[in-house]
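S.K.: Here it is, the structure, as structure tokens.
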Amino acid sequence: MFEQIKDYAVDPIMIGADLFAQDPRRDKLNLTVGIYQDARGRTPVLEAVKRAEQRLVETQESKSYLALTGDAQYCSTLGQAVLGETFNESWVTAQTSGGAVALRVMADLLAQMPTPPTIWLQSPTYGNYIPILTAAGARYQTLPYYDRLRAKLTFDQMLEGLQAARPGDVFLMQGVCHNPTGADMSEDQITALLDALEAHGIVPWIDLAYLGFAEGFEADCAVARRIAERFPECVVCSTLSKSFGIYRDRAGALFVKTRAQEHARLTRAITAIVRSGASHAPDHGPSVVRTILQDPELNALWLRELDQMRQRVMRMRQRIVATERDLFDTDRLAYFAGQSGMFSLLPLDDAQEMALTRDHGIHVVQGGRINVARLGDDDVGWLVKAVCGLLSPSR
């Protein structure tokens, strides 16, 4: 029977991690990993998380199942933190196992509609979007968002491509710290995009995975709040993996804003989809988040720790730019300082990317994505020398 199984595509991130593990060299650098790491290559457990976990150990009275849509208090607390005053009774909410499950639940919902909408995606974008949409059987189209070799947004081309969208279609975008490019839209571009979505009757679907890593948690929620305030229907997916450093504990949520007359039917639909898939969400990570957000002292501690992570990533970006100027007196990587979050794309073509690994022992995700947060101070010169050498006209 199993000989009939087709070959499934392997996630490029997993391919990169495997190739790094198979590389026999001692001097090698792994920039494929998609998690925050400190200067010593560790993914720390935040002190706020440790204190919240200890409190749960002392006070939690049950490990019974939650409702299919999770802990209503967690959803409400997170909704208020992310969406502010725009969060009210018009939202249907569900606690999910990280952001990927929130995305999949929404993809299933859209794919099962009698007239499925087209989901419009930025390209390049988060590598798991297309596998999730494909598995759900959802319809999608891609739009050009970023030119890797020029390290620039192709914003006008993206807006032009949206002209083909129909009313009721959906636009899936990221809030801040765009993965994999690190290139976020400007305020003016966001306004132009929202104007276009409204004019064409397109429903915004925003994915929030890196809140706090661009300008700070409160500032990073602004785009989602603008969307929520402006559109009668919209979708927000959130994961807390990066913001709280609780990757393995799978804390996420789905928020869907709808008109009052659709609220009960949408709630039943989301509940049924959750039941047929992930069923009950894990509770430990969300309980940690709820505990921190509801306690002023823990919340303040968490925000300080989150800001320390954000500032480290910013310092590494600035260090890349300064190192290139010191070594080569050029600015080919200057765009790093103007981007945000953990990820950026190197301006290398496929052959140069292969040479980066083959000749210099630097492993990146296919397509040139690197995790800036993985770099230590001693790694920056290594990376800059290798990349600038490959970009040199003499090669």
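The values are calculated or read from the model by the stated rules, or taken from the named source; none is laboratory data. Nothing here was measured: the structure is a model prediction, and the numbers come from that model. Cβ sites come from the backbone with ideal geometry, for glycine too, and all protein chains shown count toward neighbours.
S.K.: Any idea which residue in the range 357-386 is farthest from ALA39 (Cα to Cα), counting only those that are in a helix (DSSP H, G or I) and within 23 Å of the chain's Cα centre (by Cα)?
M.R.: Residue satisfying both the conditions and the ranking: VAL372.
S.K.: A further question follows. Has the range 345-366 got any residue that is touching a Phe, Trp or Tyr at 6+ places or on another chain (Cβ under 6 Å) and of a type in the set (D, E, K, R)?
M.R.: no
Conditions tested, residue by residue: (1) crowded, with 22+ Cβ neighbours inside 10 Å; (2) in contact with a helix residue (DSSP H, G or I) (Cβ under 7 Å, 6 or more places away or on another chain).
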| residue | (1), (2) |
| --- | --- |
| ALA111 | no, yes |
| GLY127 | no, yes |
| LEU153 | no, no |
| GLN174 | yes, no |
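S.K.: Let me ask you something else. Of the conditions (1) touching a residue at least 60 places away in the same chain (Cβ under 8 Å); (2) out of contact with any helix residue (DSSP H, G or I) (no Cβ under 9 Å at 6 or more places or on another chain), PRO232 satisfies every one except a single condition; which number is it?
M.R.: It fails just one condition, (1).
S.K.: Condition first: over 19 Å from GLY34 (Cα atoms) and among the β-branched types (Val, Ile, Thr). Now tell me which residues in the range 192-250 satisfy that.
M.R.: Selection gives ILE202, VAL203, ILE206, VAL223, ILE227, VAL235, VAL236.
S.K.: Now for a separate question. Look through SER287, SER279, SER241 and report the one residue that is within 15 Å of THR77 (Cβ to Cβ) and either surrounded by fewer than 16 Cβ atoms within 10 Å (Cβ to Cβ) or in the same structural domain as PRO117 (by TED's automatic domain parsing) (or both).
M.R.: One residue alone meets the criteria, SER287.
S.K.: What are the residue pairs meeting all of these: first residue in the range 102-123, first residue modelled with pLDDT of 95 or more, second residue crowded, with 21+ Cβ neighbours inside 10 Å and of a type in the set (Lys, Arg), Cβ atoms under 9 Å, and 6 or more apart or on different chains?
M.R.: Listed pairs, sorted by first residue: none to list.
S.K.: Another question about this same structure. Could you tell me which of the residues ALA209, ALA199 is buried (at least 16 other Cβ atoms within 10 Å of the Cβ) and of a type in the set (A, V, I, L, M)?
M.R.: Within the list ALA209, ALA199, the selection yields ALA209.
S.K.: Applying the selection to the range 246-266, what residues are of a type in the set (Val, Ile, Thr) and under 15 Å from THR69 (Cβ atoms)?
M.R.: VAL256, THR258
S.K.: Going by what's in this entry, would GLY376 be described as in contact (Cβ under 8 Å) with a residue 24 or more places away in the chain and on the phi > 0 side of the Ramachandran plot? Walk me through how you get there before you give the answer.
M.R.: Working: in contact (Cβ under 8 Å) with a residue 24 or more places away in the chain: yes; on the phi > 0 side of the Ramachandran plot: no.
It is false that GLY376 is in contact (Cβ under 8 Å) with a residue 24 or more places away in the chain and on the phi > 0 side of the Ramachandran plot.
S.K.: Tally up the residues in the range 228-242 that are farther than 15 Å from THR96 by Cβ and not in a strand (DSSP E or B), please.
M.R.: Number satisfying all stated conditions: 7.
S.K.: Of the residues MET316, MET342, MET309, which single one is surrounded by 14 or more Cβ atoms within 10 Å (Cβ to Cβ), among the aliphatic types (A, V, I, L, M), in contact with a strand residue (DSSP E or B) (Cβ under 6 Å, 6 or more places away or on another chain) and touching a residue at least 24 places away in the same chain (Cβ under 8 Å)? It would help to see each step written out before you state the result.
M.R.: On the way: MET316 fails: in contact with a strand residue (DSSP E or B) (Cβ under 6 Å, 6 or more places away or on another chain); MET309 fails: in contact with a strand residue (DSSP E or B) (Cβ under 6 Å, 6 or more places away or on another chain).
When all the criteria are applied, what remains is MET342.
S.K.: Of the residues ASP220, ASP283, which is modelled with pLDDT under 95 and either within 19 Å of the chain's Cα centre (by Cα) or more than 30 Å from LEU346 (Cβ to Cβ) (or both)?
M.R.: ASP283
S.K.: While we're looking at this one, here's another question. Considering each residue of the range 146-166, count those that are under 23 Å from the mean Cα position of the chain (by Cα) and among the polar types (S, T, N, Q), and give that number.
M.R.: Total satisfying the criteria: 2.
S.K.: Determine whether LEU162 is free of Cβ contacts under 8 Å to residues at least 60 places away in the same chain and either assigned to a helix (DSSP H, G or I) or aliphatic (A, V, I, L, M) (or both).
M.R.: yes
S.K.: Please find, among GLY84, GLY79, the residue that is more than 19 Å from the chain's Cα centre (by Cα), surrounded by 14 or more Cβ atoms within 10 Å (Cβ to Cβ) and not aliphatic (A, V, I, L, M).
M.R.: GLY84
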